[in-house]
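Taking it in order: structure first as structure tokens, then the write-up.
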Amino acid sequence: MTESETVVQIRQLEDTDIGGITALDEKIGGEYRPEVWERRITYYLRRDPEALVVAEADGKVVGFMLGEVRSGDFGLEEPTGWIEVMGVDPDLRGKAIGRRLAERMLDHFQSQGASSVRTLVDETMTEITGFFGSLGFEPAPLRSFVKNL
Amino acid sequence: MSVTKTYLPKRFHQAVVKWQETYLPDFDFLLDNWDKYFPQDTRFELCAFREMGMCSEVECGDRKGKPKFQQAAEMEPQQGGHLLGALKAQASTEFGSIQQHQLTLARAQNEEEQFWILRMMAEELRHGYQMFHLLLEDDWSDVTDQSGPDMVEEILSMQTGSHILGAFNVDFDSFIDNVTFCALIDRVGKYQLSMQRISAYKPMAESMPQMLREEAFHLAAGVVPLRRWMEKAARDSVYITTNDIQKAINKWLPRGLEMFGDERGGGTNVRYGLKPMKNAEAQEQYYQEVGKVVRDLNMRFIRARLPELSLSEAESLLEKLLVDGGSSRGISWEELVHVPHREFFRRRGVPAFKMVGWAGEDFDDAEAYLRHLTRHLPDGYRAGRDFRDYAQMLRRVDSGELTGDEAGRTMPSLRRVGGVCPCSRAVRWVAEEPHGNGSGGNREARR
């Protein structure tokens, strides 16, 4: 099957995806971090597994998105969906995988009563800001502040 | 989707609490330390959840497209009987697994992993409670003479050895069992719950979503410690070796495969709209999924042992080791973990008491086969009653005294010695037992 014919399936993340997500993260960031993903995925799986989505092609994880609905963060009392981590195989970018992951996650957030969804993005990462912009995300007045300790 | 929350009538709720005090004595400790290990997670509550707004039409079988049943009385008696059997079996597994986990919970070497198992046990208790909710809320008198309270009492009275499914009648020997059980046996649970999510009996279908959410964590509570142990084993940790993990897989996978039921069956459940897959189809998917877990564990091992390898180099090395069966770059095939043959050490279903070896080899002598099994099973298990009973039954099958099917129907029988366990009083209704029986809580777990 050629790359253009690759069938990408979007489905709920499972425990068996930890290795695949670790591998994809390594492909994107160049660092092998199994402990990070074991801990992070276990955290999300015990909270709201239906919010977690992966994209799979030819048996391999080619994209993932982690997030959840929370209330009370930063004074936002209403249930709010948070997209917190995502990754798409660099070789398969431009094939709307991120969009499909987000659509599935946002559908779930809505079913959980969230009326808005938020994320934090480094504004120098134009590809990511462009991606969220294309999904209808707009800059919010809530600003991120940081102080080094 | 919205979720409703309900509680059992008081005396049944209290009976479950009483059972919990006996078999899950660290429950309060879990709740007291919830925020330490599960900060911001919704606190555990003993209740039944039902998901509203699910599909209202039968999704498979003869009545596909017709309205789902709201009550057991709307079903044909045979259909209702099938459903009731599944319900009771499900309830039995939930309570049974807690009894098993409690045996070795205190032996965990890692506090976080111990708390994961403890939380999982609490959630299994809730799953059992959920099944009681279904048993007690409906009228099953068309399909059984047993009353709801009697069904509840029967299930709460079960011990390891008297549960309905084989996997829940095998004692745990070490904390490796706690973890491997989550990775392999809870995975069967995921399949069963997923299939029951489309049940033609609507209350059953509505009970599944929350149970499935919780089950996702239970699988991680098995797979993540296994991954960590593989990483440590690759660095020559003295505590848990890949051989230990392999033997635990060998112990549990055959029981997991049998939980799907006889490979020839399952068609009736599909016809009745209770499950979408026959036994063999679901079992095959499960077997493939276990293969994926095992491959993942091996990758974790190789990359920890040889951190200088890239991902693709590690994948190539794994392929080479699996195909050649030898050694390469200091790693031998024997150091990896593998999925046993699907007919290995089976006591139910098509391969019941066939003497099929770990790698699929055939044996024609019971004693030789038993010696083969002793090389592949954990020492603690081999020294136990379950294995002894299996060996005795195998000899009877081998001598022609019994068929494999007949022998399978008698297994397992893990008899308790020393009379009635004092804990069994806990299953009586609290109203009849105003004084606690002293749960004998396992303080060792509170490290």
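The values are calculated or read from the model by the stated rules, or taken from the named source; none is laboratory data. These numbers were taken from a predicted model, which means no experiment stands behind them. In this analysis, Cβ positions are derived from the backbone assuming ideal geometry, glycine residues included, and neighbour counts consider all displayed protein chains.
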The residue that is surrounded by the fewest Cβ atoms within 10 Å (Cβ to Cβ), considering only those in segment A:22-50 that are among the β-branched types (V, I, T) and within 11 Å of chain B (Cβ to nearest Cβ), is A:T42
In this structure, does B:A167 turn out to be of a type outside the set (K, R) and within 26 Å of B:D386 (Cα to Cα)?
yes
Picked from segment A:51-61 (must be out of contact with any strand residue (DSSP E or B) (no Cβ under 6 Å at 6 or more places or on another chain) and within 11 Å of chain B (Cβ to nearest Cβ)), the residue surrounded by the most Cβ atoms within 10 Å (Cβ to Cβ) is A:K60
When every residue in segment B:194-206 that is in a helix (DSSP H, G or I) and more than 21 Å from the chain's Cα centre (by Cα) is compared, the one farthest from the other protein chains (Cβ to nearest Cβ) is B:P203
Matching residues in segment B:328-371 (within 19 Å of B:D262 (Cα to Cα) and not in a loop (DSSP other than H, G, I, E, B)) number 2
### Message
Residue under question is B:M151, and the condition is that it be of a type outside the set (G, A, S), touching a residue at least 12 places away in the same chain (Cβ under 8 Å) and buried (at least 21 other Cβ atoms within 10 Å of the Cβ); does it hold?
### Response
no
Flagged in segment B:99-117 as surrounded by fewer than 21 Cβ atoms within 10 Å (Cβ to Cβ) and closer than 19 Å to B:S157 by Cβ, in numbering order, are B:L103
Of the residues in segment A:62-96, those that are within 13 Å of another protein chain (Cβ to nearest Cβ) and in contact with a His (Cβ under 9 Å, 6 or more places away or on another chain) come to A:V69
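Yes/no matrix, rows are residues, columns are (1) closer than 28 Å to A:V7 by Cα; (2) in contact with a Pro (Cβ under 6 Å, 6 or more places away or on another chain); (3) β-branched (V, I, T):
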{"position": "A:I83", "(1), (2), (3)": "yes, no, yes"}
{"position": "A:D89", "(1), (2), (3)": "yes, no, no"}
{"position": "A:K95", "(1), (2), (3)": "yes, no, no"}
{"position": "A:E127", "(1), (2), (3)": "yes, no, no"}
{"position": "A:E138", "(1), (2), (3)": "no, no, no"}
Among the residues of segment B:36-73, the number that are of a type in the set (K, R) and surrounded by fewer than 17 Cβ atoms within 10 Å (Cβ to Cβ) is 4
Of B:V170, B:V143, the only residue that is modelled with pLDDT under 95, within 15 Å of the chain's Cα centre (by Cα) and more than 14 Å from chain A (Cβ to nearest Cβ) is B:V170
If you go through B:I198, B:I185, the only one that is touching a Gly at 6+ places or on another chain (Cβ under 7 Å) and among the aliphatic types (A, V, I, L, M) is B:I185
Report yes if A:D107 is surrounded by fewer than 18 Cβ atoms within 10 Å (Cβ to Cβ) and within 14 Å of another protein chain (Cβ to nearest Cβ), otherwise no.
-> yes
When restricted to B:G400, B:G360, B:G349, B:G330, the only residue over 24 Å from the mean Cα position of the chain (by Cα) and closer than 21 Å to B:G291 by Cα is B:G360
Of (1) within 14 Å of chain A (Cβ to nearest Cβ); (2) outside any helix (DSSP H, G or I), B:R50 fails just (1)
Inside segment A:54-81, the number of residues satisfying the requirement of being out of contact with any helix residue (DSSP H, G or I) (no Cβ under 9 Å at 6 or more places or on another chain) and under 22 Å from A:E5 (Cα atoms) is 1
Given the structure, is A:A114 surrounded by 13 or more Cβ atoms within 10 Å (Cβ to Cβ) and in contact with a Ser or Thr (Cβ under 7 Å, 6 or more places away or on another chain)?
yes
- Query: Just a yes or no: is a residue in segment B:181-201 surrounded by fewer than 22 Cβ atoms within 10 Å (Cβ to Cβ) and farther than 30 Å from B:P67 by Cβ?
  - Reply: no
query: In segment B:228-249, is there at least one residue being surrounded by 23 or more Cβ atoms within 10 Å (Cβ to Cβ), within 13 Å of chain A (Cβ to nearest Cβ) and either at pLDDT below 95 or not in a loop (DSSP other than H, G, I, E, B) (or both)?
result: yes
Over segment B:262-315, the set of residues part of a loop (DSSP other than H, G, I, E, B) and either at the interface with chain A (Cβ under 9 Å from one of its Cβ atoms) or within 30 Å of A:G30 (Cα to Cα) (or both) is B:L306, B:P307, B:E308, B:L309, B:S310
Scanning segment A:133-149 residue by residue, those in contact with an Asp or Glu (Cβ under 9 Å, 6 or more places away or on another chain) and at pLDDT 95 or above turn out to be A:L135
Check: Among the residues of segment B:207-216, is there at least one that is out of contact with any Leu (no Cβ under 8 Å at 6 or more places or on another chain), in a helix (DSSP H, G or I) and without any contact (Cβ under 8 Å) to a residue 12 or more places away in the chain?
Finding: yes
Going through segment B:291-308 in order, the residues found to be surrounded by 15 or more Cβ atoms within 10 Å (Cβ to Cβ) and either of a type in the set (S, T, Y) or farther than 19 Å from A:E38 by Cβ (or both) are B:L306
Test B:Q100 against the stated conditions and say whether it is over 23 Å from B:K202 (Cβ atoms) and touching a residue at least 12 places away in the same chain (Cβ under 8 Å). yes
Residue set B:M120, B:M131; condition buried (at least 23 other Cβ atoms within 10 Å of the Cβ), within 14 Å of another protein chain (Cβ to nearest Cβ) and not charged (D, E, K, R); output residue B:M120
